[in-house]
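Novice: Supplied in structure tokens, the structure appears directly below.
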Amino acid sequence: MVKYQTVAVIGLGYIGLPTATVLASRGVKVIGVDVNRHAVDTINRGEIHIVEPDLDGLVRHVVQAGNLLATTTPLAANVFIIAVPTPFKDGHQPDLSYIEAAARAIAPVLEKNNLVILESTSPVGATEQLANWLAEVRPDLSFPHQVGEAADIQLAYCPERVLPGHVLRELVENDRIIGGATKRAAEMAAELYGLFVQGECLLTDCRTAEMAKLTENSFRDVNIAFANELSMICDKLDINVWELIKLANRHPRVNILQPGPGVGGHCIAVDPWFIVDSAPERARIIRTAREVNDSKPHFVVDKVVESASKYREPVIACLGLAFKANIDDLRESPAVEIVRILAAKGVGRILAVEPHVSELPKQLSGSIELVSIDEAIANANVIVILVDHVQFKKIEFCQEASIIDTRGMLSK
Ligand code: SAJ
């Protein structure tokens, strides 16, 4: 490892920080860049501003060893890895403004023979757009879309595919798709990822790599939508969907995923829209799956309203706010959405339980009370299981309360 003495990672969030840290742990000098001064200061103290198991110890180690330095402005490096968010705008169109800002920030320090890697989940064509933005600021340098292999600056698209909560293990063990703007770019990027990836590095072009990332998350979304649709059909037909799925999955070629209160997180609930936006008239199943999954929280709300109507003064305990079990992440969480709608409808007294947070998120402030498991169970006449956190599996539910189990926790 002599070629990549210095790597700059732009965006020190859930993906950028672990990537910077793992690279630094392999002896690479890493400059971590983030516009968030608080994040930069925290990392330079050897601490972290996000929740991810085991990351804190590794960050402390690489910062103390002098291999990771965080800053708010990019410095010169051999490789630049961009790992910034790509949310969507109104109308579900991808918002590439963070990538553009990253491009404009690194352009002034680019040097001949640099490699720029985009890791952010992006619509097809984003890497070429990135090259255009860089070329605009640096007409003195050549880029692959202008001169191909001979370009001064090489570009690659290498999507992350790690599961939150298991990031450090999956960063190393997962296979990695490496899309090069040129063959040379793909080979350069593969050499870099080869420093820490034990899985296989699979080389392709940028557009295929961009689409692969979107495809993986859409595959998951479509399959969860199938499970969620089944759960709503089974509710009507008075069939236990969890038992049904368990039985159907005994077929050697059937593998149905689990229904839930809806799909959350900032990936699976977002990425399929990038495909829909690129080919609206063709992406019919992908769009419908999004709509089915987005409709599930409303279905759950209707069930709660129906149950609550049996009580004069309903007290509703909502168990879990995170977007999935055993994490603290509330982003795009269907549980948060359900609790918010219930409160807005004034269905009753709402008690929320979330062992991973100490205060309610802004959108739930007001009449909702954040309480302990015991307090919720003791007072509720309607209990809604929204997340199957390990803490909830130990609860002894009283017979009298009405229970709405969106995760099938009690059926498994
Ligand atoms: N969910 C269900 N039923 C299931 C599985 C999941 O309702 O059977 C729900 C979860 O409760 C959650 C949502 O789907 O609300 C997403 O959870 P997840 O665990 O499936 O995925 P994420 O969002 O944590 O991470 C995904 C992963 N992608 C795939 O598995 C294809 C991860 O590998 C990606 O790196 C990540 O998105 C990303 O960053 O794109």
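The values are calculated or read from the model by the stated rules, or taken from the named source; none is laboratory data. Small disclaimer: the values here were computed from a predicted structure and weren't measured. Counting neighbours? That spans all protein chains shown, and the Cβs are built from the backbone with ideal geometry, glycine included.
Novice: Name every residue in segment 220-244 that is buried (at least 17 other Cβ atoms within 10 Å of the Cβ), out of contact with any helix residue (DSSP H, G or I) (no Cβ under 7 Å at 6 or more places or on another chain) and farther than 18 Å from ILE285 by Cβ, in order of residue number.
Specialist: Once the filter is applied, which keeps residues that are buried (at least 17 other Cβ atoms within 10 Å of the Cβ), out of contact with any helix residue (DSSP H, G or I) (no Cβ under 7 Å at 6 or more places or on another chain) and farther than 18 Å from ILE285 by Cβ, segment 220-244 yields only TRP242.
Novice: Just one of (1) surrounded by fewer than 21 Cβ atoms within 10 Å (Cβ to Cβ); (2) near the ligand (Cβ under 10 Å from one of its atoms) trips up VAL167, so point out which.
Specialist: Only one criterion in (1) surrounded by fewer than 21 Cβ atoms within 10 Å (Cβ to Cβ); (2) near the ligand (Cβ under 10 Å from one of its atoms) is unmet by VAL167, namely (1).
Novice: Which is among the β-branched types (Val, Ile, Thr), touching a strand residue (DSSP E or B) at 6+ places or on another chain (Cβ under 7 Å) and within 15 Å of LEU386 (Cα to Cα), of VAL315, VAL304, VAL347?
Specialist: VAL304
Novice: Restricting to segment 287-326, and then to whatever is small (Gly, Ala, Ser) and in a helix (DSSP H, G or I), can you tell me which residue is surrounded by the most Cβ atoms within 10 Å (Cβ to Cβ)?
Specialist: ALA289
Novice: State yes or no: is SER365 surrounded by fewer than 15 Cβ atoms within 10 Å (Cβ to Cβ) and touching a strand residue (DSSP E or B) at 6+ places or on another chain (Cβ under 9 Å)? Working first, answer last.
Specialist: On the way: surrounded by fewer than 15 Cβ atoms within 10 Å (Cβ to Cβ): yes; touching a strand residue (DSSP E or B) at 6+ places or on another chain (Cβ under 9 Å): no.
No.
Novice: Please indicate, with yes or no, whether at least one residue in segment 258-277 is more than 11 Å from the ligand (Cβ to nearest atom), touching a residue at least 60 places away in the same chain (Cβ under 8 Å) and not in a helix (DSSP H, G or I).
Specialist: no
Novice: So VAL2 clears everything in (1) modelled with pLDDT under 95; (2) among the aliphatic types (A, V, I, L, M); (3) surrounded by 24 or more Cβ atoms within 10 Å (Cβ to Cβ) except one condition, right? Which one?
Specialist: Failed condition: (3).
Novice: Considering only residues that are more than 21 Å from GLY262 (Cβ to Cβ) and in a loop (DSSP other than H, G, I, E, B), which ones fall in segment 349-397?
Specialist: Within segment 349-397, SER358, GLU359, SER365, GLY366, SER367, VAL371, SER372, ALA380, ASN381, ILE395, GLU396, PHE397 meet the criteria.
Novice: Scan segment 209-219 and tell me whether some residue there is surrounded by fewer than 16 Cβ atoms within 10 Å (Cβ to Cβ), modelled with pLDDT of 95 or more and assigned by TED's automatic domain parsing to the domain that holds LEU155.
Specialist: no
Novice: Then there is this: Within segment 252-273, work out how many residues are among the small types (Gly, Ala, Ser) and surrounded by fewer than 24 Cβ atoms within 10 Å (Cβ to Cβ).
Specialist: 2
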